[in-house]
Structures are given as structure tokens and as C-alpha cells.
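**Q** I have a structure I would like to understand better, so I am pasting it below and will then ask my questions one at a time.
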Amino acid sequence: MAGHDLPKQPVTVGRNTQLSKTSPKLAEELVPGMISLSTLLKVLQALLQEQVPVRDIRTIAEAIANVAVKSQDPAAMVSAVRVALSRAIVQGIVGLELELPVITLEPRLEQILLNSIQKAGQGAEDGILLEPGMAEKLQRSLMEAAQRQEMLGKPVILLVAGPVRAMLSRFARLAVPSIHVLAYQEIPDNKQVTIVATVGQN
């Protein structure tokens with residue numbers, strides 16, 4: 001885990017200084033006016049943990065500002081930033097390839113997860129809401145699907161509903177560290193999605 005830890009404040013302050021130069025108005029509006037420095041740090045840390053490129057400071061700040069007027073939830077801000085950066089995220093995974101080979105969840109399983117996260121509210125972000133046996137089976141199927149993709153020299157991408165993306169990303173990366181978990185809203189319209197496997201049946 002330590003490898004993912006951001007150095008504490010200097011990075012954020014540095015990024016904020018960069019933001020001040022490129023778009024002073026946005027920097028002033030964001031910290032401390034709209035969000036705290038610690039919230040901005042949480043958002044950047046969550047993005048970096050999943051190798052999301054954070055060079056486009058202006059797009060990141062605009063996405064955060066749009067959410068901040070309604071919510072101070074870092075998870076909601078991360079989701080908005082990911083959608084705003086979706087082209088860069090997907091290009092980082094498949095380059096200029098038009099085809100996006102994805103693994104999907106069996107629809108009934110996805111619905112169970114969506115229902116349970118709605119009942120539990122945002123606190124549910126921390127863990128996967130499945131019985132241990134079911135969770136184990138899902139991890140096994142993900143590992144098998146990932147191995148098939150890797151043998152073909154293809155990236156491992158799990159495509160899921162937006163509300164369960166963060167939770168499933170943490171869960172899936174325990175079994176398959178190289179996996180990329182994308183939400184439907186993060187697929188750019190210039191990519192063609194091909195479903196290569198569906199996991200979680202039975």
C-alpha cells in the first residue's frame with residue numbers, strides 16, 4: 001500500500017500552485033472556497049491509486065467545482081473527474097485501438113450490488129456487499145477471465161454501473177492487480193465495446 005501513498009501536502013500545494021498559474025480563478029474558487037485541501041488530497045490520491053493521469057489540472061478542477069456546489073463527497077468528485085478524463089483514461093489502457101474488450105458482471109449480480117449500495121448509502125464504498133462464498137466465486141471468475149485476456153495480450157477491463165465502480169475496483173484489484181474498472185459513463189463514444197466475458201453467473 002505504501003507505494004500508493006501520496007507525499008502529504010507538498011504535492012497538493014504544488015498542484016494547486018500549478019492551477020493558480022494556469023487558471024487562477026479556478027484555484028481561488030476551489031481551495032478553500034469550495035473544498036478543503038484535505039478533500040482535494042483525497043480526490044487526487046484516489047485518482048493516482050488507479051493510475052488516472054492527473055496532468056489536466058483544469059479539467060480536474062472544473063469537474064470538482066461542478067460537484068462541490070451540490071456535495072462535498074470525495075467519491076462523487078472522483079466519479080465526476082473520471083468521466084471528464086474518460087478519453088485520457090481509456091487511451092491510457094488501449095491506446096488508439098477502436099475496440100475496447102471488456103468483462104461485464106452478470107446483470108442479476110450487478111443489480112444485487114446496486115440495491116445493496118443504495119440501502120447502505122455512501123458508507124458502503126468501503127467493502128463489497130456479497131456473501132463470502134459469492135465474493136470468492138466472483139474473484140475466481142475474474143482471475144480466470146483476466147488470465148485469458150492476458151494470454152491474448154489484451155488489457156483486463158471490467159465494465160460496471162457507475163455507483164458500484166469504486167467498490168468493485170478495490171475488490172477486483174485484490175484478485176487482479178492489473179485490472180482496470182470502468183463505469184459505463186466513462187466509455188468515450190469513439191470506442192467500440194466488445195464483451196469478452198461475463199462473470200458472476202449462478
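The values are calculated or read from the model by the stated rules, or taken from the named source; none is laboratory data. Please read these numbers as outputs of a predicted model, since none were measured by experiment. Here the Cβ is made from the backbone with ideal geometry for all residues, glycine too, and neighbour counts use every protein chain on show.
**Q** Tally the residues that are in contact with a Ser or Thr (Cβ under 6 Å, 6 or more places away or on another chain) and small (Gly, Ala, Ser), restricting the search to the range 141-190.
**A** 0
Condition check ((1) without any contact (Cβ under 8 Å) to a residue 60 or more places away in the chain; (2) in the same structural domain as Gln49 (by TED's automatic domain parsing); (3) within 24 Å of Ala75 (Cβ to Cβ); (4) in a loop (DSSP other than H, G, I, E, B)) across all residues:
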position: Lys137; (1), (2), (3), (4): no, no, no, no
position: Glu144; (1), (2), (3), (4): yes, no, no, no
position: Glu150; (1), (2), (3), (4): yes, no, no, no
position: Lys154; (1), (2), (3), (4): yes, no, no, yes
position: Arg165; (1), (2), (3), (4): no, no, yes, no
position: Ser169; (1), (2), (3), (4): no, no, yes, no
position: Pro188; (1), (2), (3), (4): no, no, yes, yes
position: Thr194; (1), (2), (3), (4): no, no, no, no
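**Q** When the range 120-135 is examined, which residues are found to be modelled with pLDDT of 80 or more and either assigned to a helix (DSSP H, G or I) or within 27 Å of Asp73 (Cβ to Cβ) (or both)?
**A** Once the filter is applied, which keeps residues that are modelled with pLDDT of 80 or more and either assigned to a helix (DSSP H, G or I) or within 27 Å of Asp73 (Cβ to Cβ) (or both), the range 120-135 yields Leu130, Pro132, Gly133, Met134, Ala135.
**Q** One residue is enough: does the range 97-115 have a residue meeting the conditions charged (D, E, K, R) and over 19 Å from Val181 (Cα atoms)? I'd like the intermediate steps shown before the answer.
**A** Residues of the range 97-115 that are charged (D, E, K, R), as a first pass: 97, 99, 106, 108, 110.
Still in the running and over 19 Å from Val181 (Cα atoms): none.
The answer is no, given that none of the residues of the range 97-115 is charged (D, E, K, R) and over 19 Å from Val181 (Cα atoms).
**Q** In addition: Have a look at Leu44, Leu96, Leu100 and point out the one that is in a helix (DSSP H, G or I) and either surrounded by fewer than 19 Cβ atoms within 10 Å (Cβ to Cβ) or of a type outside the set (Ser, Thr, Tyr) (or both).
**A** The unique qualifying residue is Leu44.
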